[in-house]
Each structure stands twice: as structure tokens, then as C-alpha cells.
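Asks: Below is a structure I'd like to ask you about.
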Amino acid sequence: MAYEALRGAPDADPTEPGGPAGSARAHGIEGELSPTELRKLLDMVREHTGIAMAERKRTLLQGRLRPRMRALSIGVYGDYLRYVETHPQEWPHFIDLVTTNETSFFRTPRVWTYFAERFLPEWLAAHPRETLRAWSAASSSGEEAWSIAMTADTVRLASPPFDYTILGTDISMNVVQAARAGRYRGRSIEQLIASRPDLAARFFSAEGDAWRVAADLRARVQFERFNLLEALPRERTFDIVFLRNVLIYFDAPTQQRIVSNVMSAMRPGAMLVLGESESLQRFETGLRFEQPLLYRKADGDGRA
Ligand SMILES: C[S@@+](CC[C@H](N)C(=O)[O-])C[C@H]1O[C@@H](n2cnc3c(N)ncnc32)[C@H](O)[C@@H]1O
């Protein structure tokens, strides 16, 4: 099989002369995912990410797998699935392909109004000498974490000695690397420049054809690869967790498991922020509904 030749070098640069791309150009992907292969693929996605994908996503999935298969000179879907199973180093690529990473700066504006005008002033008044810890728990390419950072930094400059740290995590290595680099171009940054020119001017500078997050902001935000099916170490706890536009990808038992994992990383009184079409209505979490998309954990005295 073609991919046998790549054993031990699956990350070979596909642009290298004579590398996998050369043969891939002539290497068409044959046929479609068979029903059995499709079920196997969906099982692999669910087992490793928790994401429950429907069989009607077949065309979408085929389109996402194809460029990677070409780069590896693999012409048959079944061979690629076997390749993933037998090459642990392929899993991060596979996960990059099957996740949906759509995001934007200040997505769902009313959440950011609440964060800036209610959450931060109240938190600051209640914790005058503490460092705020925020977690963007499915941070994609970083826009959400940088939105937290720009908002918190505005408060830091206006209200010393307020300080904060931010953790951004995502299961997809590709987007974690993009978030760390903090370089944006195209629609993502254009929308920010149009809607929040003050923040864009203060926190970004032009770098070639891109805009890059300022170094002092980058120093306060850490990005890591992390699977929400797991729990963070006990000592890593947060005052606010943004878990937005990710629960929608899981079935109800997995949502429950993830919410419970996330709750174990919330300090007493911490806030949980969900995405536009998400709710905890059908779960017993003990969190208090504060307003749509916003939930609060009981404080140390047991008050929710
Ligand atoms: C649609 S994006 C949401 C980004 C951002 N939170 C927002 O609201 O704009 C969903 C992200 O969840 C990530 N994701 C999916 N399953 C995950 C898992 N099991 N653990 C961690 N992240 C996951 C995907 O890689 C993707 O980047």
C-alpha cells in the first residue's frame, strides 16, 4: 500500500520536492466512504473527541480527509482509517480535520457587555487583591481568549492593581498553534477593526499582511491542547469559564460529563458562559441560572 512507504515519516513536508505531494498530485482518492467505513470513522471521532457526528456528514468528512490523504499518498478511505489507528502520531492531524473551528472576536456581543459591565466590576469589588483567572475552554484559533484579554486589560489599565491570567484550550493542535501565534488576517480581524477600532488599534499591530496581538497581551494568555472529555488537574481553577459553541457537538451524556469536568475547575462563585444556542436546562448541575447563557456556581457559603 502507498502509505507503507511513509511509515516513520508521516509528517514529511508535503511541499518537499519529490515528497508525498508529488505522488499525491497524480493520486486520486477512489470512491466514497462505504457505510461500514463511515460508521468506523464516526466511532473514531466520537471515541477520541466526544463529537457525535451524523452519517449525513459523509460528504463533508470526505472533503476534509482528502487533502491529508493526498499528502500521505493514500488513495482509499479505509486505508486512511487503518493508518490513523496504527500511527498514533496521525491522531492530532485526524482531530484537526474532524473539528469545526468557526469563531470570531467578541462573538455574541451581549455576553461581552455583561462581562465588561457587570462581571468584571463586581468581581473586582469582591476580590480587590486577587488575580482573575479565566478559561476559554474550546478556544479554537484564540479570538475568544483574546476578547477576554482585551476586555480584562482595559480594566487592568484603568483599575490597578487588578490583574488577570487566561488559559485557552482546544483539542485541535492546529488552532492551538494559531492562537499562540496571535496573528490574524482576513474577515476575522477586519470585523474587529470595523466593530471595535479602539481595541484593535490598542492591542494589535500590523505584521506583513496580518495583524498580531501585542506582546504584553500574549504574555498573559497561555494556550494548550486539552480534551474536554478529561478533567483539568485539581489545582487549576477559574473565576469564569467560557464554554461556548462546543456543547452542541456532543450528545446529552457527553455534554453532562463535560459540564461536570468543567464545573470541577470552577472556583466557588465562578461563572460559566455558554454559546448562543446552548443551555443547561435539562441537566442537574447545581449551577444557578443568572440570565440566558450565564450560570453561576454556589459560593463558599453554599449560596448559588
Ligand atoms: C465552533 S468552535 C468554538 C470556538 C469559541 N469557543 C467560540 O465560541 O467562538 C468549537 C471548538 O471546540 C473544539 N472541540 C471540539 N471537541 C473538543 C473536545 N473534546 N475538547 C476540546 N475542544 C474541543 C474544536 O476543536 C473547536 O475549535
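The values are calculated or read from the model by the stated rules, or taken from the named source; none is laboratory data. This is a predicted model, so every value here is computed, not measured. Ideal geometry is used to build each Cβ from the backbone, glycine not excepted, and the neighbour counts take in all protein chains shown. The area values use the complete protein model at the heavy-atom level, side chains included, leaving out ligands, DNA and RNA. Shrake-Rupley method; radii C 1.70, N 1.55, O 1.52, S 1.80 Å.
Asks: Condition test on T169, is it modelled with pLDDT of 95 or more, away from the ligand (no atom under 16 Å from the Cβ) and surrounded by fewer than 23 Cβ atoms within 10 Å (Cβ to Cβ)?
Replies: no
Asks: Pairs, please: C-beta under 6 Å, at least 6 apart or cross-chain, first residue of a type in the set (D, E, K, R) and in the range 231-251, second open to solvent by 10 Å² or more (accessible area, probe 1.4 Å)?
Replies: If the second residue must be open to solvent by 10 Å² or more (accessible area, probe 1.4 Å), the pairs left are D239/R133; D239/R267; D251/A52.
Asks: Among the residues in the range 203-217, are any among the β-branched types (V, I, T) and within 11 Å of the chain's Cα centre (by Cα)?
Replies: Within the range 203-217, none of the residues are among the β-branched types (V, I, T) and within 11 Å of the chain's Cα centre (by Cα).
Asks: Still on this model: Checking the condition assigned to a loop (DSSP other than H, G, I, E, B), more than 11 Å from the ligand (Cβ to nearest atom) and out of contact with any helix residue (DSSP H, G or I) (no Cβ under 6 Å at 6 or more places or on another chain), which residue from P121, P160 passes? Let's see the steps before the verdict.
Replies: Values: P121 fails: assigned to a loop (DSSP other than H, G, I, E, B).
One residue alone meets the criteria, P160.
Asks: What about S260, is it assigned to a helix (DSSP H, G or I) and in the same structural domain as S147 (by TED's automatic domain parsing)? Give the steps one after another, and end with the answer.
Replies: Values: assigned to a helix (DSSP H, G or I): yes; in the same structural domain as S147 (by TED's automatic domain parsing): yes.
Yes, satisfied.
Asks: Would you point out which residue out of G75, G142, G50, G63 is within 11 Å of the ligand (Cβ to nearest atom) and outside the structural domain of G168 (by TED's automatic domain parsing)?
Replies: G50
Asks: Looking at the range 94-129 only, could you name the residues that are under 30 Å from R66 (Cβ atoms), touching a residue at least 60 places away in the same chain (Cβ under 8 Å) and open to solvent by less than 70 Å² (accessible area, probe 1.4 Å)?
Replies: Hits for the range 94-129 are I95, D96, T99, T100, N101, T103, S104, R107.
Asks: Return the only residue of R257, R244, R267, R282 being of a type in the set (K, R) and more than 20 Å from G50 (Cα to Cα). Let's see the steps before the verdict.
Replies: Details: R257 fails: more than 20 Å from G50 (Cα to Cα); R244 fails: more than 20 Å from G50 (Cα to Cα); R282 fails: more than 20 Å from G50 (Cα to Cα).
Exactly one of R257, R244, R267, R282 is of a type in the set (K, R) and more than 20 Å from G50 (Cα to Cα), namely R267.
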